[in-house]
Amino acid sequence: IGDFFSEEQFRGLYDLLKRSLDEKEHYKVRIQALKCIGSLVPKLSSSEDIKRFQEFVPMMIEVIQFCIVNNFEEEAIMGLGTFDDLIETTVPLLHTFVPLLVNFVLSIGCRKDLDLNLRTEALTFIQWLARYKPKAITENGLVDPILAVAFPMASEGEETQPDEWEMTAYKFGTQLVDSLGNNLPTSKIFPKAMNYVSIYSKSQDPFCRRAAISALMVLASGCYDVMIEKLDELLPYVRLYQKINFKSQI
């Protein structure tokens with residue numbers, strides 16, 4: 001619809017979509033409205049369009065939550081993908097909603113009872129945010145809440161040995177730490193991440209120790225300068241890695 005409607009018709013869609021998102025008695029209408037909204041993103045330009053679109057964000061979150069509760073996983077993933085698309089635009093759409101959206105996707109990502117595909121799709125928003133708008137994370141004090149989900153996720157074990165290409169909670173949690181380490185200023189991420197590394201490396205759970213060592217390894221990519229300076233402090237972790245027999249302990 002975004003490619004074929006005139007500007008006047010395009011603006012007329014807002015009220016219809018707003019009513020549709022709020023259609024409590026007909027859930028299929030709400031889901032279809034959620035699908036349509038993604039088509040509008042490339043057409044956003046004027047300040048009026050942006051303001052109207054911003055009104056959708058809390059309603060979109062509500063519909064996605066509805067989809068999750070009612071096991072409409074495919075629709076929930078589709079809705080979450082719309083937020084990823086918005087990050088890539090140069091239009092300042094999500095600035096005021098970053099804390100709300102980050103906390104929302106974290107609330108999904110931390111739930112072990114949900115399918116891993118849904119959890120990773122939700123947390124992909126944070127990876128895109130770190131890449132394109134890292135200041136939005138640091139300025140809103142979101143580093144700690146993200147790490148508070150990433151490290152437990154990286155500590156989740158596998159009942160059977162996964163295939164090399166297979167995504168696991170451990171892999172994605174580690175990737176989340178990697179995204180922060182490579183895109184945020186070292187001073188904003190390294191001290192906070194090391195607090196978790198210190199705690200998890202002392203755990204009796206081998207999966208927690210694996211998470212600590214893996215996080216330290218990926219942090220070396222974006223935080224190498226400070227890690228070189230603190231090499232003496234980090235050597236105990238290297239020795240811990242050498243002592244761990246992952247195949248026998250995990």
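The values are calculated or read from the model by the stated rules, or taken from the named source; none is laboratory data. Since the model is a prediction, treat every value here as computed from it, not as a measurement. Here the Cβ positions follow ideal geometry from the backbone for every residue, glycine too, while neighbour counts run over all protein chains shown. Each accessible area value is taken on the protein alone, full model and side chains, heavy atoms only, with ligands, DNA and RNA left out. Shrake-Rupley method; radii C 1.70, N 1.55, O 1.52, S 1.80 Å.
For the range 110-246, a Kirkwood radius taken over Cα pairs fed into Stokes-Einstein (20 °C, viscosity 1.002 mPa s) yields D = 140 µm²/s. Axis of helix 186-201 versus longest Cα principal axis of the chain: the two differ by about 60°, to the nearest ten degrees.
As a length-normalised measure over Cα pairs under 8 Å and 6 or more apart, the relative contact order of the chain settles at 12 percent. For the chain, with all protein chains in place and a probe radius of 1.4 Å, 51% of the accessible heavy-atom surface sits on carbon or sulfur.
Among 191-197, 178-184, sorting by the average number of other beta carbon atoms lying within 10 angstrom of each residue, highest first, gives 178-184, 191-197. The simple spin-label model puts a point 7 Å past each Cα toward its Cβ; for Trp128 and Asn195 those points are separated by 2.9 nm. Across the protein chains, with a 1.4 Å probe defining accessible surface, the residues Ser221, Ser47 rank Ser47, Ser221 from largest area downward.
The charge dipole of the chain, taken about its Cα centre with unit charges on the Cβ atoms of Lys, Arg (+1), Asp and Glu (-1) only, comes to about 700 debye.
The charge dipole of the range 112-221, taken about its Cα centre with unit charges on the Cβ atoms of Lys, Arg (+1), Asp and Glu (-1) only, comes to about 640 debye. Annotation: amide H of Met167 has no partner in the under-5 Å range at sequence separation 5 or more or interchain, hydrogens built in the peptide plane. Couplings 3J(HN,Hα) for the range 145-158, derived from phi with the Karplus relation 6.51 cos²θ - 1.76 cosθ + 1.60 (θ = phi - 60°), are x, 5, 5, 5, 9, 4, 5, x, 5, 5, 8, 6, x, 10 Hz, where x marks Gly and Pro. In the chain, the inverse of the mean reciprocal separation of distinct Cα atoms equals 19.7 Å; this is its Kirkwood hydrodynamic radius.
As a rough guide to protection, the peptides 213-220, 14-21, 156-163 ranked by mean Cβ packing within 10 Å, highest first, stand as 213-220, 14-21, 156-163. Between Val41 and Ala220, the FRET efficiency from the beta-carbon distance, with R0 = 35 Å, is close to 0.45.
Of the residues Lys112, Lys230, ranked by 1.4 Å probe accessible area with the largest first, the sequence reads Lys112, Lys230.
Ligands, DNA and RNA are left out, and with a 1.4 angstrom probe the accessible area of the chain is 53 Å² per residue. In whole percents, the pair-distance distribution calculated for the range 62-185 from its alpha-carbon pairs, binned every 10 Å from zero, is 12, 46, 34, 7, 0.
What's the FRET efficiency of Gln161 with Asp115 using the Cβ-Cβ distance as r and R₀ = 25 Å, to the nearest 0.05? With a Förster radius of 25 Å, E is 0.75. Phe207 contributes about 40 Å² of solvent-accessible surface, heavy atoms of the protein only, 1.4 Å probe. Based on C-alpha pairs under 8 angstrom that are at least 6 apart in sequence, the range 93-206 has a relative contact order of 25 percent.
These residues, Cys110, Cys223, Cys208, go from largest to smallest accessible area, 1.4 Å probe, as Cys110, Cys208, Cys223.
If you take the alpha carbon atoms of the range 141-183 and fit the smallest convex hull around them, that volume is 60 Å³ per residue. Summing +1 for each Lys or Arg and -1 for each Asp or Glu among the other residues whose beta-carbon sits under 12 angstrom from that of Gln54 gives 0. Against the chain, whose longest principal axis comes from its Cα atoms, helix 98-109 is set at around 60 degrees. Ser203 contributes an accessible area of around 30 Å² to the protein surface, as traced by a 1.4 Å probe with all chains present.
Checked against a 30 Å cut-off, the cross-linked pairs Lys51/Lys133; Lys24/Lys171; Lys18/Lys112; Lys171/Lys192; Lys18/Lys171; Lys51/Lys192 give Cα-Cα distances beyond that limit for Lys24/Lys171; Lys18/Lys112; Lys18/Lys171; Lys51/Lys192. Overall shape of the range 183-243 was characterised from the C-alpha gyration tensor. The equivalent ellipsoid obtained from it has semi-axes of 19, 13, 9 Å, in decreasing order. Please give the helix 27-40 orientation as an angle from the longest Cα principal axis of the chain, in degrees from 0 to 90, rounded to the nearest 10. Computed tilt is about 80 degrees.
A straight chain from Glu74 to Asp22 at 0.36 nm per residue would run longer than the Cα-Cα distance by 16.7 nm.
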